[in-house]
Amino acid sequence: MPLEIRIVSDSEYRAVNDFFNNTRNINVPAKKTPRGYPEFCWEFIDGPAGKAIYAAAWEVEAGKEPVIVGIQGLIPLKMIASDGATFLTAKGEDTLIDIKALIRYKETDILRELYLVLFEECRKRGIKQVWGFNSTYATNQRLGFELPVRSHYCALVLDPLRTYQNNVSQKTGIQFSEKGKILGQALLSRLYSLRKFFIPSSIGNYRFNTGMDDNRELFQRAAGPEPYFFLCQESTYFKWRITENPYPVKYRSFQLSDPSNVFKAQLICSIHEGAAFIEQLLFEQGTEKSALYSLLKRAIRSLKEEKVYMIRYIGFDSNALNKKEMKMLRDLGFVKTKKGEQFNFLNLSDDLIIKPENVYLSRLYKQGIN
């Protein structure tokens with residue numbers, strides 16, 4: 001049976017979402033509820049830079065309805081350079097191929113064929129870079145992506161007992177000795193977190209607020225003269241990513257301004273099922289460290305008041321901006337727990353060549369579904 005690989009039409013979106021829900025539990029068992037069609041529309045149709053580019057592979061047999069066996073989507077998103085220039089990129093999501101199809105069509109690289117169709121459509125739309133996060137290192141390398149950047153998972157334990165209970169509940173058939181190890185790690189992490197009380201902090205002449213302002217100019221001041229790149233987080237992006245997010249995730253923002261009301265720092269956090277994530281910490285070069293530590297401590301106290309038992313963080317050490325962010329959180333007691341996903345990046349054009357190491361990264365680049 002031949003395969004047909006092409007861009008999905010509007011009338012086929014529901015079938016694509018059904019394939020996502022029905023197939024992922026065959027390939028990757030997960031305790032997740034199916035993704036509703038409104039959630040699909042939010043993610044792939046109503047984005048801040050327009051509708052996603054979505055391709056699918058159909059198995060075609062004479063006399064029968066075509067059957068979807070693979071999907072891949074690219075969400076258009078704007079990036080901004082440290083000099084203020086903006087450009088359109090695309091972020092990969094929904095990489096999924098039926099394992100049975102991989103066996104039947106072992107002579108065909110289905111994912112590569114999907115991407116070739118998507119890349120051609122990207123060029124038509126003026127999209128010059130494609131990027132994303134995943135753990136399939138060999139697959140993306142085969143497709144031409146650069147993968148020099150890997151994330152680090154970190155955590156700050158506020159309630160060791162609840163942290164222990166949560167970690168144990170996520171494992172099946174766990175032995176008593178392993179439970180003891182998990183409890184010990186939670187207690188040690190809590191002890192390490194107490195170091196934040198010894199870090200000098202002072203609000204000084206700065207002021208706090210809980211707004212969530214457009215941070216493009218803040219990024220430029222944070223980057224200085226260095227050639228950095230950043231996901232363009234203007235009001236339309238925050239509206240889509242946070243305000244209109246259909247998933248049960250709460251967001252909090254903590255900001256710092258100087259006496260002239262100049263925006264100096266922004267910390268964005270999310271809360272889901274009693275655990276918080278630091279989504280992003282951005283601050284202007286030259287901002288007093290004691291004030292930044294004061295901002296972070298206030299955020300931690302606020303999250304603790306909301307009964308958060310643990311604050312997680314995904315850090316990167318690929319450039320100076322990300323390293324500064326990670327160091328500040330490590331100073332306050334965040335502990336590295338394990339390595340995370342790869343950041344993959346591909347330049348589709350010679351017009352603007354970007355090194356992935358020069359992209360400031362944060363969890364706010366991800367979709368925010370939990």
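The values are calculated or read from the model by the stated rules, or taken from the named source; none is laboratory data. For clarity, every value in this text was computed on a predicted model and none was experimentally measured. Don't worry about glycine lacking a Cβ; one is built from the backbone with ideal geometry, like all the others, and counts go over all protein chains shown.
Structure values in brief
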{"read-out": "Residue in the stretch 320-328 that is in contact with a helix residue (DSSP H, G or I) (Cβ under 7 Å, 6 or more places away or on another chain) and assigned by TED's automatic domain parsing to the domain that holds residue 214 present", "value": "yes"}
{"read-out": "Where a residue in the stretch 8-20 is acidic (Asp, Glu) and its partner, wherever it lies, is surrounded by 15 or more Cβ atoms within 10 Å (Cβ to Cβ) and not in a helix (DSSP H, G or I), with Cβ under 8 Å and at least six apart", "value": "12/56"}
{"read-out": "Selection within the stretch 305-357 - touching a Ser or Thr at 6+ places or on another chain (Cβ under 7 Å) and assigned to a loop (DSSP other than H, G, I, E, B)", "value": "309, 316, 333"}
{"read-out": "Which numbered condition residue 212 misses (of (1) buried (at least 17 other Cβ atoms within 10 Å of the Cβ); (2) under 23 Å from the mean Cα position of the chain (by Cα); (3) farther than 30 Å from residue 85 by Cα)", "value": "(3)"}
{"read-out": "Considering residues of the stretch 18-46 that are modelled with pLDDT under 95 and either polar (S, T, N, Q) or over 18 Å from residue 96 (Cα atoms) (or both) only, the residue surrounded by the fewest Cβ atoms within 10 Å (Cβ to Cβ)", "value": "33"}
{"read-out": "Complete set of residues in the stretch 81-92 that are of a type in the set (A, V, I, L, M, F, W, C) and surrounded by fewer than 22 Cβ atoms within 10 Å (Cβ to Cβ)", "value": "81, 85, 87, 88"}
{"read-out": "Only listed residue being among the aromatic types (Phe, Trp, Tyr), farther than 21 Å from residue 336 by Cα, surrounded by 12 or more Cβ atoms within 10 Å (Cβ to Cβ) and more than 22 Å from the chain's Cα centre (by Cα), chosen from 237, 206, 228", "value": "206"}
{"read-out": "From 332, 267, residue being of a type in the set (A, V, I, L, M) and either touching an Asp or Glu at 6+ places or on another chain (Cβ under 8 Å) or over 22 Å from residue 247 (Cβ atoms) (or both)", "value": "332"}
{"read-out": "Count - residues of the stretch 163-199 that are surrounded by fewer than 13 Cβ atoms within 10 Å (Cβ to Cβ) and β-branched (Val, Ile, Thr)", "value": "1"}
{"read-out": "Complete set of residues in the stretch 1-17 that are polar (S, T, N, Q), surrounded by fewer than 17 Cβ atoms within 10 Å (Cβ to Cβ) and part of a helix (DSSP H, G or I)", "value": "11"}
{"read-out": "The stretch 83-126, residues that are part of a helix (DSSP H, G or I), among the β-branched types (Val, Ile, Thr) and out of contact with any Gly (no Cβ under 9 Å at 6 or more places or on another chain)", "value": "99, 103, 117"}
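Quick grid of which residues meet (1) modelled with pLDDT of 95 or more; (2) more than 17 Å from residue 346 (Cα to Cα); (3) among the hydroxyl-bearing types (Ser, Thr, Tyr):
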| site | (1), (2), (3) |
| --- | --- |
| 91 | yes, no, no |
| 95 | no, no, yes |
| 101 | no, yes, no |
| 109 | no, yes, no |
| 117 | yes, no, no |
| 131 | yes, no, no |
| 139 | no, no, yes |
